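Colleague: Structure provided below as structure tokens; questions to follow.
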Amino acid sequence: MLIPYEQQQAALNVVESLGYHFPSEMNALIDHTDTLIHQLSHHYHLIGGINNNVVLELHHRLLGGESTSQLSLEQLAWFRSQSQTLNDDTGITILKSEAHLLYLCAHITLQHGEAVSPLRWYFDIHLLITETSIDWNLVVDQAVALGWTFAIEQTLIRTVDFFSTPVPAWIYTQLQDRRPAQENVSRVRRLQGQDPRWEKVLFGLRALSFTQAIRLIFAWAFPAPKYIRHRY
């Protein structure tokens with residue numbers, strides 16, 4: 001669920017009142033790192049329901065902590081404005097196809113990295129393109145505005161390679177010709193490696209102050225006993 005950034009605590013209080021809670025290992029990590037885990041997080045990950053078999057994620061951002069600089073709160077507002085209600089009895093509100101496509105591409109290329117992204121994520125993109133109507137001009141315009149042209153280009157190329165997805169050829173030319181000079185292309189390239197975890201750690205540390213970074217490194221090096229008992 002995507003919730004307004006300023007309402008994240010209120011939304012958390014509501015779902016906790018319904019019996020949802022953080023997994024025990026997350027509680028241990030939060031206990032030891034204070035609020036740092038949330039500064040690097042883009043969502044609350046909770047479990048609940050019968051036998052704790054339901055996973056509920058409350059997203060107050062679309063991209064994770066080390067990717068926060070890739071999507072400001074002002075830019076996030078555009079995604080929230082691109083919504084539509086399903087024409088069924090649920091009344092569920094979802095992202096429009098263009099916003100959804102941009103997010104799915106960024107989720108792979110900017111947040112996780114291509115090397116660790118499962119094939120099904122690319123198949124999600126394939127289905128979105130083939131089963132819905134896409135305004136490709138809007139996709140290009142917003143990719144330029146977000147500074148995501150290289151990320152979108154790379155993800156579409158891989159999706160087409162995997163599934164022969166019908167992406168118009170002119171899309172790549174537009175993304176390349178209109179690429180902003182200040183776009184962070186190097187981040188995408190570094191996350192294309194075989195194991196991008198170290199790069200993600202570095203990006204995460206850069207999002208914190210020096211004191212906060214030292215505290216988080218200490219928490220990683222000396223995890224709480226409760227976390228160790230649960231993990232091992």
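The values are calculated or read from the model by the stated rules, or taken from the named source; none is laboratory data. As the structure is a prediction and not an experimental result, all values here were calculated from the model. For neighbour counting, all protein chains shown are included, and Cβ atoms are generated from backbone atoms with ideal geometry for every residue, glycine included. Just the protein is used for accessible areas: all its heavy atoms, side chains included, with ligands, DNA and RNA removed. Shrake-Rupley method; radii C 1.70, N 1.55, O 1.52, S 1.80 Å.
Colleague: Determine, yes or no, whether Glu16 is at pLDDT 90 or above, among the acidic types (Asp, Glu), surrounded by 14 or more Cβ atoms within 10 Å (Cβ to Cβ) and over 27 Å from Leu71 (Cα atoms).
Modeller: For Glu16, the condition - at pLDDT 90 or above, among the acidic types (Asp, Glu), surrounded by 14 or more Cβ atoms within 10 Å (Cβ to Cβ) and over 27 Å from Leu71 (Cα atoms) - is met.
Colleague: Give Thr159, Thr165, Thr155 a once-over and let me know the one that is in a loop (DSSP other than H, G, I, E, B), modelled with pLDDT of 95 or more and surrounded by 12 or more Cβ atoms within 10 Å (Cβ to Cβ).
Modeller: Thr165
Colleague: Go over the candidates Asp88, Asp124 one by one and state the one that is in a helix (DSSP H, G or I), more than 21 Å from Asn137 (Cβ to Cβ) and acidic (Asp, Glu).
Modeller: Step by step, each of Asp88, Asp124 is checked, and only Asp124 is in a helix (DSSP H, G or I), more than 21 Å from Asn137 (Cβ to Cβ) and acidic (Asp, Glu).
Colleague: Also, quick follow-up: Kindly provide the set of residues from region 91-108 that are part of a helix (DSSP H, G or I) and open to solvent by 50 Å² or more (accessible area, probe 1.4 Å), ordered by number.
Modeller: His100
Colleague: Additional query: Out of curiosity, is Leu58 within 19 Å of Glu183 (Cα to Cα), open to solvent by less than 20 Å² (accessible area, probe 1.4 Å), in contact (Cβ under 8 Å) with a residue 40 or more places away in the chain and of a type outside the set (Gly, Ala, Ser)?
Modeller: no
Colleague: When the residues of region 19-34 are filtered to those that are more than 18 Å from Phe222 (Cβ to Cβ) and surrounded by fewer than 18 Cβ atoms within 10 Å (Cβ to Cβ), which remaining residue is modelled with the lowest pLDDT?
Modeller: Ser24
Colleague: Moving to a separate point now. How many residues, within region 109-133, are surrounded by 14 or more Cβ atoms within 10 Å (Cβ to Cβ), within 14 Å of Val160 (Cβ to Cβ) and among the β-branched types (Val, Ile, Thr)?
Modeller: Matching residues across region 109-133 total 2.
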